[in-house]
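The values are calculated or read from the model by the stated rules, or taken from the named source; none is laboratory data. Remember, it's a predicted structure, so these values are computed and weren't measured experimentally. Backbone-built Cβ (ideal geometry, glycine too); neighbour counts: all protein chains shown. Accessible surface areas use protein heavy atoms only, side chains included; no ligands, DNA or RNA. Shrake-Rupley method; radii C 1.70, N 1.55, O 1.52, S 1.80 Å.
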Amino acid sequence: MTTTPDHLHAFIADLPKAELHVHHVGSASPRIVSELAARHPDSKVPTDPEALVDYFTFTDFAHFIDVYLSVVDLIRTPEDVRLLTYEVARDLARQQVRYAELTITPFSSTRRGIDERAFMEAVEDARKAAESEFGTVLRWCFDIPGEAGLEAAEETTRLATDDRVRPEGLVSFGLGGPEIGVPRPQFKPYFDRAIAAGLHSVPHAGETTGPETVWDALTHLRAERIGHGTSSFRDPKLLAHLAEHRIPLEVCPTSNIATRAVRTLDEHPIKEFVEAGIVVTVNSDDPPMFGTDLNSEYAVAARLLNLDEQGLAELAKNAVDASFLDEPGRTRIKNEIDTYTSTWLAP
Ligand SMILES: Nc1ncnc2c1ncn2[C@@H]1O[C@H](CCC(=O)c2cccc(C(=O)O)c2)[C@@H](O)[C@H]1O
Ligand SMILES: [Zn+2]
């Protein structure tokens, strides 16, 4: 296994980027997790950031979800929500992320007793502070935790479509959690309502089950991008469909290894996706839990796809183009990427 050369790491570190697939709670840094764990000593989450490395080592996807929910349990007040969101934005800004769509699972917080309006105010307050203080634009994707069933689907849809509650920064609607035993078609009526309310459809699919789940996401949930889509490589017709209809994949390589969806990075199908002509975006999913960040994922992609600086800049522009940012915002970030790259490559 070769490594990514130092000059590419340096290029990636300052490259302006967009992040399209990153979870709110899954982005809590070890410092924030240990701070919240210390505040709530009844929790089984370790308070020592070093012990968190072991705690965040997963035997399979189900184990990952168990651990994930133990961190969700630490977020108990609107102030916890605001702090988490603001700190996540700070971490993104440090990596030169100019724009991020953050996946939030409001059901998990409202069912744990956080007032829905206070929750929305907390994330919006952090979004505005992040934009003015760090220059990072945040938007929200509200996802249904599929395993929690249709009650969760109903509640998430209500929170995403009721004008009196839905936050200004909300742009899309998703579906996360385990896929095994959670068929996608049952969520069609909820996606129909969210789409009718102007939201984009971005379900997870093909992360832990086969390509048929990706077809279901396309057919029943009218997916505009696919979260992961990892198993798509097993179906040539699906690859051709994704390429022809320009449905981007939100690829999260290190996540797929950490949850054991893929055995090793070298076996990751990202190269097959690019060779099939699919729009590939690279993302971090739950970065501290997977011991990664967006810059590391770009370094992984550089190695697996054999990219140079121009190739990395194209990858970054794929994410901007696949985003739900408005046209002037997309043009601004792409121009910034071009200027940065040509300055870097100038003799
Ligand atoms: N790689 C990932 N792939 C998929 N999802 C991922 C990934 N990373 C993070 N998530 C998040 O995990 C949540 C799962 C929450 C969940 O299953 C659940 C089940 C029952 C009850 C409750 C509750 O709160 O009471 C929650 C998803 O909604 C999603 O946002
Ligand atoms: Zn995800």
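The table below lists the values:
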item	result
Selected residue [touching a Cys at 6+ places or on another chain (Cβ under 9 Å), open to solvent by 30 Å² or more (accessible area, probe 1.4 Å) and within 19 Å of VAL279 (Cα to Cα)] from HIS200, HIS228, HIS241	HIS200
For ARG164: the one exception among (1) farther than 20 Å from HIS21 by Cα; (2) within 16 Å of ligand 1 (Cβ to nearest atom)	(2)
Filter result for ALA118 (farther than 21 Å from PRO30 by Cα and of a type in the set (A, V, I, L, M))	yes
Boolean, VAL81 is farther than 24 Å from VAL182 by Cα, outside any loop (DSSP other than H, G, I, E, B) and either in contact with a helix residue (DSSP H, G or I) (Cβ under 6 Å, 6 or more places away or on another chain) or within 14 Å of ligand 1 (Cβ to nearest atom) (or both)	yes
Complete set of residues in segment 311-343 that are under 16 Å from ALA299 (Cβ atoms) and touching a residue at least 60 places away in the same chain (Cβ under 8 Å)	LEU312, ALA313, ALA316, ALA319
Criterion: in a helix (DSSP H, G or I), of a type in the set (A, V, I, L, M) and at pLDDT 95 or above - qualifying residue of ILE75, ILE65	ILE65
Residues (more than 14 Å from the chain's Cα centre (by Cα), surrounded by 19 or more Cβ atoms within 10 Å (Cβ to Cβ) and farther than 16 Å from ARG76 by Cα) located in segment 92-113	GLN95, GLN96, ARG98
Total residues in segment 9-31, condition more than 16 Å from ligand 1 (Cβ to nearest atom), modelled with pLDDT of 95 or more and open to solvent by 10 Å² or more (accessible area, probe 1.4 Å)	4
Filter result for ARG246 (at pLDDT 95 or above, open to solvent by 30 Å² or more (accessible area, probe 1.4 Å) and more than 23 Å from VAL171 (Cβ to Cβ))	no
Residue among LEU92, LEU20 that is within 16 Å of ligand 2 (Cβ to nearest atom), in contact (Cβ under 8 Å) with a residue 60 or more places away in the chain and closer than 16 Å to PRO288 by Cα	LEU92
Enumerated helices (runs of 4 or more DSSP H) restricted to segment 99-170, each holding at least 3 residues that are within 25 Å of ALA223 (Cα to Cα)	106-110, 149-161
Residue within segment 55-71 that is away from ligand 1 (no atom under 16 Å from the Cβ) and either closer than 17 Å to ALA258 by Cα or touching a strand residue (DSSP E or B) at 6+ places or on another chain (Cβ under 8 Å) (or both) present	no
Test: residue in segment 172-181 that is β-branched (Val, Ile, Thr) and within 15 Å of ligand 2 (Cβ to nearest atom)	no
Identity of the residue in segment 135-151, within 16 Å of ligand 2 (Cβ to nearest atom) and over 17 Å from ALA122 (Cα atoms), that ends up surrounded by the most Cβ atoms within 10 Å (Cβ to Cβ)	ILE144
Of all residues in segment 32-44 being open to solvent by 10 Å² or more (accessible area, probe 1.4 Å) and in contact (Cβ under 8 Å) with a residue 24 or more places away in the chain, the one that is nearest to GLN95 (Cα to Cα)	ARG39
HIS268 vs. criteria touching a Pro at 6+ places or on another chain (Cβ under 8 Å) and either within 25 Å of PRO167 (Cα to Cα) or in contact (Cβ under 8 Å) with a residue 24 or more places away in the chain (or both)	yes
Wholly within segment 246-341, helices (runs of 4 or more DSSP H) carrying at least 3 residues that are more than 17 Å from GLU19 (Cβ to Cβ)	270-275, 294-305, 309-321
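The rows are residues; the columns are (1) over 23 Å from PRO30 (Cβ atoms); (2) open to solvent by 40 Å² or more (accessible area, probe 1.4 Å).
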{"position": "THR264", "(1), (2)": "yes, yes"}
{"position": "LYS271", "(1), (2)": "yes, yes"}
{"position": "ILE278", "(1), (2)": "yes, no"}
{"position": "VAL300", "(1), (2)": "no, no"}
{"position": "ARG303", "(1), (2)": "yes, yes"}
